[in-house]
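Peer 1: For reference, the structure I am asking about is given below.
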Amino acid sequence: MVVDFRGRASTPMAKRLVHALEPYEPMFIEEPVLPEYNDTLGPIALAALMQVCASISNLLI
């Protein structure tokens, strides 16, 4: 399973959702926050047991 948040979660909510999804063992989550908040991807990834990915659209900014 892969979960794409489409950047619609705040950083605190993304951390909560990551923990809530752990029992389902997703391969990774994509774009938990909007590209403007990419600086928060590190803390979200540290809170996760699965990989956290940025969207490819973030590379175009």
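The values are calculated or read from the model by the stated rules, or taken from the named source; none is laboratory data. Worth saying up front: this structure is predicted, and the values here are computed from it rather than measured. For neighbour counting, all protein chains shown are included, and Cβ atoms are generated from backbone atoms with ideal geometry for every residue, glycine included.
Peer 1: Scan region 3-20 residue by residue and report those that are hydrophobic (A, V, I, L, M, F, W, C) and either within 11 Å of the chain's Cα centre (by Cα) or crowded, with 17+ Cβ neighbours inside 10 Å (or both).
Peer 2: VAL3, PHE5, ALA9, MET13, ALA14, LEU17, VAL18
Peer 1: Could you look through region 1-12, keep only residues that are of a type in the set (A, V, I, L, M) and either at pLDDT 95 or above or part of a loop (DSSP other than H, G, I, E, B) (or both), and pick out the one that is farthest from ALA54 (Cα to Cα)?
Peer 2: Only one residue fits best here, namely MET1.
Peer 1: Collect the residues in region 21-40 that are crowded, with 17+ Cβ neighbours inside 10 Å and in a helix (DSSP H, G or I), keeping them in residue-number order.
Peer 2: Scanning region 21-40 gives a single hit, THR40.
Peer 1: Let me ask something else. Taking ALA45, is it without any contact (Cβ under 8 Å) to a residue 60 or more places away in the chain and either surrounded by 15 or more Cβ atoms within 10 Å (Cβ to Cβ) or of a type in the set (Ser, Thr, Tyr) (or both)?
Peer 2: Yes; evaluated as a whole, the condition is true for this residue.
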